[in-house]
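Shown next, in structure tokens, is the structure this report addresses.
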Amino acid sequence: MIEDLHAAVGRIKALLDAEACWYETFEHEPVRTSEEAAAARPGYALRHGAKAIILRVKRSKRDKFFVMLVFPADRKFDAKAVKNYFAARDIRFASEDEVAKLTGGVQPGGVPPFGDLFDLPVFAAPQLFEVERIVFNAGDRRYSLAMRSADYRRLALPEVFSFL
């Protein structure tokens, strides 16, 4: 087992164990992109990857908040659809510093799709659930976890809307 993994790894595994969910784990060299991650996970294609990104949504000068979007790693999100859904004036990726602050030090590329670990609302694309299993970096760029997409939906309780 890799030493000094982010605490999010243990929290996710504890949740899955407590809920008796099937999962498998992968230790690998640090990865940042979805493509690098897919290459490090035998038996999984890019479309199985659950990409978790943190966005800052701005509705007005005073109404700004962060959300987590989760979608298949082989897809890109439609910024216009996201802006419309949130009735936002502007959206942008959270900066590396903002991601670290919001997640207790998780690096971009390592953010797991469990926003509730970080008090972030989670929004998932329906296409994420078209595959039986999803795989993602579980809080560390060196550690991935695969699980059933139905279990993810049941545990993470994402709000689902079409933004691809």
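The values are calculated or read from the model by the stated rules, or taken from the named source; none is laboratory data. As the structure is a prediction and not an experimental result, all values here were calculated from the model. All Cβ positions, even for glycine, are placed from backbone atoms using ideal geometry, and neighbour counts span all protein chains on display.
Looking at Lys76, Lys61, just one residue is part of a loop (DSSP other than H, G, I, E, B), out of contact with any helix residue (DSSP H, G or I) (no Cβ under 9 Å at 6 or more places or on another chain) and closer than 16 Å to Ala124 by Cβ, and that residue is Lys76.
Within segment 105-123, no residue that is in contact (Cβ under 8 Å) with a residue 12 or more places away in the chain sits with its Cβ atom under 6 Å from a residue that is surrounded by fewer than 21 Cβ atoms within 10 Å (Cβ to Cβ) and polar (S, T, N, Q) at 6+ positions apart or across chains. Residue pairs whose Cβ atoms lie under 9 Å apart, separated by 6 or more positions or on different chains, with the first residue in segment 63-75 and farther than 11 Å from Leu128 by Cα and acidic (Asp, Glu) and the second in a strand (DSSP E or B) and at pLDDT 95 or above, are Asp63/Val57. Only one of the listed residues (Ala138, Ala146) is closer than 17 Å to Leu16 by Cβ, touching a Lys or Arg at 6+ places or on another chain (Cβ under 6 Å), touching a residue at least 60 places away in the same chain (Cβ under 8 Å) and crowded, with 17+ Cβ neighbours inside 10 Å. That residue is Ala146.
Scan segment 38-58 for residues that are part of a loop (DSSP other than H, G, I, E, B) and over 18 Å from Pro108 (Cα atoms) and the total you get is 5. Evaluate the following for Ala94: is it under 14 Å from the mean Cα position of the chain (by Cα), under 20 Å from Val31 (Cβ atoms) and of a type in the set (A, V, I, L, M)? The answer is yes for Ala94.
Going through segment 15-37 one residue at a time, which ones are part of a loop (DSSP other than H, G, I, E, B) and surrounded by 14 or more Cβ atoms within 10 Å (Cβ to Cβ)? Can you show your working first?
Of segment 15-37, the ones part of a loop (DSSP other than H, G, I, E, B) are 19-22, 28-33.
Of everything in segment 15-37, those that are part of a loop (DSSP other than H, G, I, E, B) and surrounded by 14 or more Cβ atoms within 10 Å (Cβ to Cβ) turn out to be Cys21, His28, Pro30, Val31.
Selection within segment 40-63: residues that are among the aliphatic types (A, V, I, L, M) and surrounded by 14 or more Cβ atoms within 10 Å (Cβ to Cβ). The member of this set that is modelled with the lowest pLDDT is Ala40.
Of all residues in segment 79-135, those satisfying the criterion of being in contact with a His (Cβ under 6 Å, 6 or more places away or on another chain) and not in a strand (DSSP E or B) are Val106, Val131.
Taking Ile53, is it touching a Gly at 6+ places or on another chain (Cβ under 9 Å) and under 18 Å from Phe136 (Cα atoms)? No, not satisfied.
Taking Leu117 as the residue in question, decide whether it is surrounded by 18 or more Cβ atoms within 10 Å (Cβ to Cβ) and more than 20 Å from Pro72 (Cβ to Cβ). The answer is yes for Leu117.
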